[in-house]
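**Student:** This is the structure, below, for whatever I ask next.
The values are calculated or read from the model by the stated rules, or taken from the named source; none is laboratory data. This one's a predicted model, so the numbers in the text were calculated from it and none came from an experiment. Heads up, the Cβs are rebuilt from the backbone with ideal geometry, glycines too, and the neighbour counts pull from every protein chain shown.
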Amino acid sequence: MKHNFGAGPCILPQSVFEEAAKGVLDFNGLSILEVSHRHKDFVAVMDEAVELVKKSLNVPEGYAVLFLQGGASLGFTISALTMMRSGKAAYINTGTWASGAIKEAKNVGIDVDVVASSEDKNFSYIPKNIEIPSGMDYVHYTSNNTIYGTQFHSVPKTDLPLVCDMSSDIFSKEINVADYDLIYAGAQKNLGPAGATLYIVKEELLGKSSSKFMPSYLDLKKHHDKESMMNTPPVFSIYVAMLNLRNLLATGGVKAAEARNNAKAELLYAEIDRNPLFKGTVAVEDRSKMNVCFLLNDESLTDEFNAAWNEAGIVGIKGHRSTGGYRASMYNALTLESVQALVKVMSDFASKKA
Ligand SMILES: Cc1ncc(COP(=O)(O)O)c(C=O)c1O
């Protein structure tokens, strides 16, 4: 088996892959791929998936849990449209995905105030002590910066409605859903296969947008009224997400996943800090526990190091094309043994070069 450190789509637990494969061949006598989304057997899957999201994140009363399509990229637009009232909003720019959210909010007519940005240092830190002016419809941030490897370790302080793109760290650690008015996340990191996008939104906000532009698919009120069945949902992705959430709860839930993720992150960052051949690329206090970015101090060793991790069965650690270097993504399903394998490659490589 390979050690898959890919940034997404990414690994899920092996047992989930196996159950998903069984469902493709036999889901109550049909394949999950051919079953009607209106059939009671799939409606039961959707209902269970929603319930398991609520259970694993302790979603309070008054929040809708929806599974749509379009990825987090459509979430940029949908969240802006859902929250639009006066038309002004505050955004925190921590990198590519936050910039994407800003662009799409502007596209639907939001007057965006970028209240903080880490662009001055190539998005290598999380802005602190952010002043957010009053009179904004909402504040938007991206909890984990998948590409540059930074992560908010506390929730930005504001009395305004809070919107968060949690694509790359949802279900990896405990959160207080009540801190948020709207959360959205593409499935393909800690939830399931690409295809579904999760929305957790305060029901009282739905149907209150001031936007005149509101195509039906972008209207969360319509999706809520139809219980995520306004059109054909991403059946397979939701099915596997449901299996994965069952597995998450059976293995101690989000709390236990967080402890495992902390242990993995500690191990790899300790090696980066200890090993004279490597250096981390982001501010230590803002390091992501999901996406660990690092560089070789001497780039001339690149081919040799690449050969070493390739040989150890490691895949997916090349950095994003916009950053270079290495990025080891360590989502929930990546085991401690995989991280140990990478650490061993790094330390053996240093011993060889000493
Ligand atoms: C934080 C974040 N936001 C948004 C996206 C875009 O997601 P999608 O490909 O589901 O549109 C990604 C993709 O990796 C991401 O990591």
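**Student:** For PHE123, all conditions in the list (1) within 18 Å of THR158 (Cβ to Cβ); (2) in a loop (DSSP other than H, G, I, E, B); (3) of a type outside the set (Gly, Ala, Ser); (4) out of contact with any helix residue (DSSP H, G or I) (no Cβ under 6 Å at 6 or more places or on another chain) hold save one; what is the number of the exception?
**Tutor:** (1)
**Student:** Among the residues of the range 221-233, count how many are in contact with a helix residue (DSSP H, G or I) (Cβ under 9 Å, 6 or more places away or on another chain) and either surrounded by fewer than 19 Cβ atoms within 10 Å (Cβ to Cβ) or not hydroxyl-bearing (Ser, Thr, Tyr) (or both). Spell out how you get there, then give the answer.
**Tutor:** First pass over the range 221-233, keeping only residues in contact with a helix residue (DSSP H, G or I) (Cβ under 9 Å, 6 or more places away or on another chain): 221-224, 227-231, 233.
Filter once more, keeping what is either surrounded by fewer than 19 Cβ atoms within 10 Å (Cβ to Cβ) or not hydroxyl-bearing (Ser, Thr, Tyr) (or both): 221-224, 227, 229-231, 233.
Within the range 221-233, residues that are in contact with a helix residue (DSSP H, G or I) (Cβ under 9 Å, 6 or more places away or on another chain) and either surrounded by fewer than 19 Cβ atoms within 10 Å (Cβ to Cβ) or not hydroxyl-bearing (Ser, Thr, Tyr) (or both) number 9.
**Student:** Quick one: count up the residues across the range 210-260 that are assigned to a loop (DSSP other than H, G, I, E, B) and under 16 Å from ALA196 (Cβ atoms). Quick ask: steps written out before the conclusion?
**Tutor:** Let us first name the residues in the range 210-260 that are assigned to a loop (DSSP other than H, G, I, E, B), namely 210-215, 219, 226-234, 251-252.
Next cut, under 16 Å from ALA196 (Cβ atoms) only: 226-234.
Matching residues across the range 210-260 total 9.
**Student:** Moving on to the next point. Checking the structure you have, find out if any residue of the range 157-175 is touching a Lys or Arg at 6+ places or on another chain (Cβ under 6 Å), of a type outside the set (Lys, Arg) and buried (at least 20 other Cβ atoms within 10 Å of the Cβ).
**Tutor:** yes
**Student:** Here is a list: SER118, SER143. Which entry is within 16 Å of the ligand (Cβ to nearest atom), polar (S, T, N, Q), more than 19 Å from ALA328 (Cα to Cα) and crowded, with 20+ Cβ neighbours inside 10 Å?
**Tutor:** Numbers: SER143 fails: more than 19 Å from ALA328 (Cα to Cα).
The match here is SER118.
**Student:** Restrict the check to the range 147-157 and report whether at least one residue is assigned to a strand (DSSP E or B), free of Cβ contacts under 8 Å to residues at least 24 places away in the same chain, closer than 30 Å to VAL282 by Cβ and within 14 Å of the ligand (Cβ to nearest atom).
**Tutor:** Within the range 147-157, the subset assigned to a strand (DSSP E or B) is 150-151.
Adding the requirement that they be free of Cβ contacts under 8 Å to residues at least 24 places away in the same chain leaves none.
Looking through the range 147-157, none of the residues is assigned to a strand (DSSP E or B), free of Cβ contacts under 8 Å to residues at least 24 places away in the same chain, closer than 30 Å to VAL282 by Cβ and within 14 Å of the ligand (Cβ to nearest atom).
**Student:** Going by the conditions given, is LEU218 over 30 Å from HIS37 (Cβ atoms), in contact with a helix residue (DSSP H, G or I) (Cβ under 7 Å, 6 or more places away or on another chain) and more than 11 Å from the ligand (Cβ to nearest atom)? Talk me through it step by step, then tell me what you get.
**Tutor:** Details: over 30 Å from HIS37 (Cβ atoms): no; in contact with a helix residue (DSSP H, G or I) (Cβ under 7 Å, 6 or more places away or on another chain): yes; more than 11 Å from the ligand (Cβ to nearest atom): yes.
Criteria not met by LEU218.
**Student:** Could you list, in sequence order, the residues of the range 91-121 that are in contact (Cβ under 8 Å) with a residue 24 or more places away in the chain and more than 21 Å from TYR148 (Cβ to Cβ)?
**Tutor:** Result: ASN107, VAL108, GLY109, ILE110, ASP111, ASP113.
**Student:** Next question, about the same structure. Regarding ASP179, is this residue surrounded by fewer than 20 Cβ atoms within 10 Å (Cβ to Cβ) and closer than 15 Å to LEU57 by Cα? Give the steps one after another, and end with the answer.
**Tutor:** Numbers: surrounded by fewer than 20 Cβ atoms within 10 Å (Cβ to Cβ): yes; closer than 15 Å to LEU57 by Cα: yes.
The answer is yes for ASP179.
**Student:** Here's another thing I want to ask about it. For the range 77-91, what are the residues that are more than 14 Å from LEU205 (Cβ to Cβ) and assigned to a loop (DSSP other than H, G, I, E, B)? Explain how you work it out, then say what you get.
**Tutor:** If we filter the range 77-91 for residues that are more than 14 Å from LEU205 (Cβ to Cβ), which is where we start, we get 77, 86-88, 90-91.
Across the range 77-91, the qualifying residues are SER86, GLY87.
Okay, residues lined up against (1) within 16 Å of the ligand (Cβ to nearest atom); (2) at pLDDT 95 or above; (3) hydrophobic (A, V, I, L, M, F, W, C):
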site: PRO161; (1), (2), (3): no, yes, no
site: ILE170; (1), (2), (3): yes, yes, yes
site: ASP179; (1), (2), (3): no, yes, no
site: LEU182; (1), (2), (3): yes, yes, yes
site: GLN188; (1), (2), (3): yes, yes, no
site: THR197; (1), (2), (3): yes, yes, no
site: LEU205; (1), (2), (3): no, yes, yes
site: SER210; (1), (2), (3): no, yes, no
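**Student:** Output the residues belonging to the range 193-216 that are free of Cβ contacts under 8 Å to residues at least 60 places away in the same chain and either touching a Gly at 6+ places or on another chain (Cβ under 8 Å) or of a type in the set (Val, Ile, Thr) (or both).
**Tutor:** Filtering the range 193-216 for residues free of Cβ contacts under 8 Å to residues at least 60 places away in the same chain gives 207, 212, 215-216.
Within the range 193-216, none qualify.
**Student:** Ok, one more. Give the residue that is nearest to ASP137 (Cα to Cα), with candidates limited to residues of the range 178-190 that are under 15 Å from the mean Cα position of the chain (by Cα) and in contact (Cβ under 8 Å) with a residue 24 or more places away in the chain. Lay out the reasoning, then the answer.
**Tutor:** Of the range 178-190, the ones under 15 Å from the mean Cα position of the chain (by Cα) are 182-190.
Add one more test, that the residue is in contact (Cβ under 8 Å) with a residue 24 or more places away in the chain, and what stays is 182, 184-190.
Working: LEU182: 12, TYR184: 17, ALA185: 21, GLY186: 24, ALA187: 27, GLN188: 29, LYS189: 29, ASN190: 30 Å.
Within the range 178-190, the match that is nearest to ASP137 (Cα to Cα) is LEU182.
**Student:** Going through the range 238-258 one residue at a time, which ones are closer than 19 Å to ILE32 by Cα and buried (at least 22 other Cβ atoms within 10 Å of the Cβ)?
**Tutor:** Our first condition is that a residue be closer than 19 Å to ILE32 by Cα; within the range 238-258, this holds for 238-247.
Answer for the range 238-258, where residues must be closer than 19 Å to ILE32 by Cα and buried (at least 22 other Cβ atoms within 10 Å of the Cβ): ILE238, TYR239, VAL240, ALA241, MET242, LEU243, ASN244, LEU245.
**Student:** Next question. Could you tell me which residue of the range 26-76 is surrounded by the most Cβ atoms within 10 Å (Cβ to Cβ), considering only residues that are in a strand (DSSP E or B) and either among the hydrophobic types (A, V, I, L, M, F, W, C) or within 16 Å of the ligand (Cβ to nearest atom) (or both)?
**Tutor:** The first filter runs over the range 26-76 and keeps only residues in a strand (DSSP E or B), leaving 27, 30, 63-68.
This time we only want the ones that are either among the hydrophobic types (A, V, I, L, M, F, W, C) or within 16 Å of the ligand (Cβ to nearest atom) (or both), so: 27, 30, 64-68.
Working: PHE27: 19, LEU30: 15, ALA64: 21, VAL65: 21, LEU66: 23, PHE67: 27, LEU68: 22.
Filtering first and then ranking leaves PHE67.
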